[in-house]
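Below is one structure, written out as structure tokens, with a few remarks after it.
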Amino acid sequence: MQPAPAAAPDFDTADAFVWHVAPDRLAPVARVNRVDLTLLQGIDRARDTLLDNTRHFARGLPANNALLWGARGMGKSSLVKAVHAAVLAEGHALKIVEVQREDLPSIARLLTLLRDAPHRFVLFCDDLSFSHDDQHYKSLKAVLDGGIEGRPDNVVFYATSNRRHLMPRDMIENERSSAINPSEAVEEKVSLSDRFGLWLGFHPCSQDEYLSMIAGYCSAYGVEIDPDTLRAEAIEWQATRGARSGRVAWQFFTDLAARRGVRL
């Protein structure tokens, strides 16, 4: 009564795929939603580190799994997609496969499809985090670093999260205060993030970095505006939002481009 295992897809049809379950399949993505790597401002160290790690992996050299954590809207997922595009532009045949957090229990089946493929794959999980009663993190542990088979040599895992340890802080504190063996309980909760070889932190940007992001967008898309007017409008926009980030900068620029009649 169980369906036959899914056949391996034709990986030559696209450079990006999305993993779906019920039934298991890899859906090709014809056009990836991403920005150019040069437009990502204020995250130079994370950009260079992730780019070098991805280049090494694409060349068949050892590479680490990477966890991009920190402030929301600061370009974590944008960086992963932009780095993939940059490595592709250098001539490396690298594929990216997006996996939804709720589909993590099926990731072992996905690796079975990828293990014998002649390509190299970046598995990408955006906004990875776990709640108090969520057991999905256990499915990911063996994939990252463990199990008999282990992670295939042609696969590396990149994840983004607002949390460094992927668990709510109060969940970890509760374990520390109520467990019979507090240290063992906490180790169980934080050991998942330890399996990422690279931890890349993203922090709130300064006002100068925020304005630099917007200026970069204006230059890239040909939006002409007086610098003083741009500065005043951009600061007013972030004040009404109560936050500064790359996402807020892009939202302001989208509004500015529309008012100027520029298509993005």
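Values as computed for the structure displayed
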quantity: Qualifying position, being more than 26 Å from LYS81 (Cβ to Cβ) and either open to solvent by 60 Å² or more (accessible area, probe 1.4 Å) or modelled with pLDDT of 95 or more (or both), among ALA232, ALA185; calculated: ALA232
quantity: Residue ID - nearest to GLY73 (Cα to Cα), chosen from residues in the stretch 237-264 that are outside any helix (DSSP H, G or I) and open to solvent by less than 60 Å² (accessible area, probe 1.4 Å); calculated: SER245
quantity: Residue list for the stretch 81-127, filter: of a type in the set (Lys, Arg) and touching a helix residue (DSSP H, G or I) at 6+ places or on another chain (Cβ under 9 Å); calculated: LYS95, ARG101, ARG120
quantity: Only listed residue being closer than 23 Å to ASN33 by Cα, assigned to a helix (DSSP H, G or I) and among the hydrophobic types (A, V, I, L, M, F, W, C), chosen from ALA220, ALA234; calculated: ALA220
quantity: Residue ID - farthest from ASP48 (Cα to Cα), chosen from residues in the stretch 89-105 that are more than 11 Å from the chain's Cα centre (by Cα) and part of a loop (DSSP other than H, G, I, E, B); calculated: GLN100
quantity: Any chance PHE196 is aromatic (Phe, Trp, Tyr), modelled with pLDDT of 95 or more and open to solvent by less than 80 Å² (accessible area, probe 1.4 Å); calculated: no
quantity: Whichever residue in the stretch 54-71 is over 17 Å from VAL97 (Cβ atoms) and more than 12 Å from the chain's Cα centre (by Cα) and, among such residues, is modelled with the lowest pLDDT; calculated: ALA71
quantity: Looking only at the stretch 11-70, and only at residues there that are in contact with an Asp or Glu (Cβ under 7 Å, 6 or more places away or on another chain) and open to solvent by 20 Å² or more (accessible area, probe 1.4 Å), the one that is farthest from SER245 (Cα to Cα); calculated: VAL21
quantity: Hits in the stretch 99-114 - residues which are at pLDDT 90 or above and either open to solvent by 60 Å² or more (accessible area, probe 1.4 Å) or among the small types (Gly, Ala, Ser) (or both); calculated: GLN100
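The values are calculated or read from the model by the stated rules, or taken from the named source; none is laboratory data. The structure displayed is predicted, hence computed values, not measured ones. Don't worry about glycine lacking a Cβ; one is built from the backbone with ideal geometry, like all the others, and counts go over all protein chains shown. Side chains included, ligands, DNA and RNA excluded: accessible areas come from the protein's heavy atoms. Shrake-Rupley method; radii C 1.70, N 1.55, O 1.52, S 1.80 Å.
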